[in-house]
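The values are calculated or read from the model by the stated rules, or taken from the named source; none is laboratory data. None of the values given here were measured: they were computed from a predicted structure. Backbone-built Cβ (ideal geometry, glycine too); neighbour counts: all protein chains shown.
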Amino acid sequence: MAEDECEAVLKLKLTKVGLAVAKALPWADDNRLGPARFEVLVDMAYNMGIHGLLGFHRMLAMAEAGNFEGSAAAGLESKWATETGQRAKDLMEQWRTGVAIA
């Protein structure tokens with residue numbers, strides 16, 4: 001498969017995951033969260049599946065209430081964060097601040 005075909009497939013997969021996130025978490029739309037935070041949810045759902053993401057009960061409940069500081073801390077207390085290492089730290093910083101990581 002050519003590089004441009006791979007990119008098209010990835011883009012399609014990410015679009016599908018984004019739609020699944022939006023359906024499962026109606027409060028977590030791009031307008032309310034902003035694109036950087038929504039991207040974190042899509043990244044997590046892409047890597048763990050939508051059901052894996054939905055297992056982050058405390059993190060998601062705090063985020064729905066607008067507490068992104070506490071929500072990010074809850075995300076970092078997970079097995080996922082321990083196993084994912086620096087990538088999880090970067091994603092939770094993006095989640096906390098709403099600013100995309102470089």
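For region 62-93: of the residues being of a type in the set (A, V, I, L, M) and under 20 Å from G49 (Cα atoms), which is surrounded by the most Cβ atoms within 10 Å (Cβ to Cβ)?
A63
Identify, by number, the condition in (1) touching a helix residue (DSSP H, G or I) at 6+ places or on another chain (Cβ under 6 Å); (2) surrounded by fewer than 16 Cβ atoms within 10 Å (Cβ to Cβ); (3) of a type outside the set (A, V, I, L, M, F, W, C) that R96 doesn't meet.
(2)
Please find, within region 37-48, the residue that is surrounded by the most Cβ atoms within 10 Å (Cβ to Cβ) out of those that are farther than 18 Å from E64 by Cβ and without any contact (Cβ under 8 Å) to a residue 40 or more places away in the chain. Working first, answer last.
Residues of region 37-48 that are farther than 18 Å from E64 by Cβ, as a first pass: 43, 46-48.
Retained after the next criterion (residues that are without any contact (Cβ under 8 Å) to a residue 40 or more places away in the chain): 46-48.
Numbers: Y46: 19, N47: 14, M48: 15.
Top of the filtered list is Y46.
Given the criteria on the phi > 0 side of the Ramachandran plot and either modelled with pLDDT of 95 or more or of a type in the set (D, E, K, R) (or both), does G70 qualify?
no
Yes/no per residue for (1) among the polar types (S, T, N, Q); (2) farther than 21 Å from R96 by Cβ:
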residue: K11; (1), (2): no, yes
residue: G18; (1), (2): no, no
residue: V21; (1), (2): no, no
residue: G34; (1), (2): no, no
residue: V40; (1), (2): no, no
residue: N47; (1), (2): yes, no
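From the list A8, A61, A45, A100, which residue is under 13 Å from the mean Cα position of the chain (by Cα), in a helix (DSSP H, G or I), among the small types (G, A, S) and on the phi < 0 side of the Ramachandran plot? Before the answer, list the steps.
Values: A8 fails: under 13 Å from the mean Cα position of the chain (by Cα); A61 fails: under 13 Å from the mean Cα position of the chain (by Cα); A100 fails: in a helix (DSSP H, G or I).
That would be A45, the only listed residue that is under 13 Å from the mean Cα position of the chain (by Cα), in a helix (DSSP H, G or I), among the small types (G, A, S) and on the phi < 0 side of the Ramachandran plot.
Among the residues of region 20-36, which ones are surrounded by 18 or more Cβ atoms within 10 Å (Cβ to Cβ), under 15 Å from A61 (Cβ atoms) and at pLDDT 95 or above?
Residue satisfying the conditions is L25 alone.
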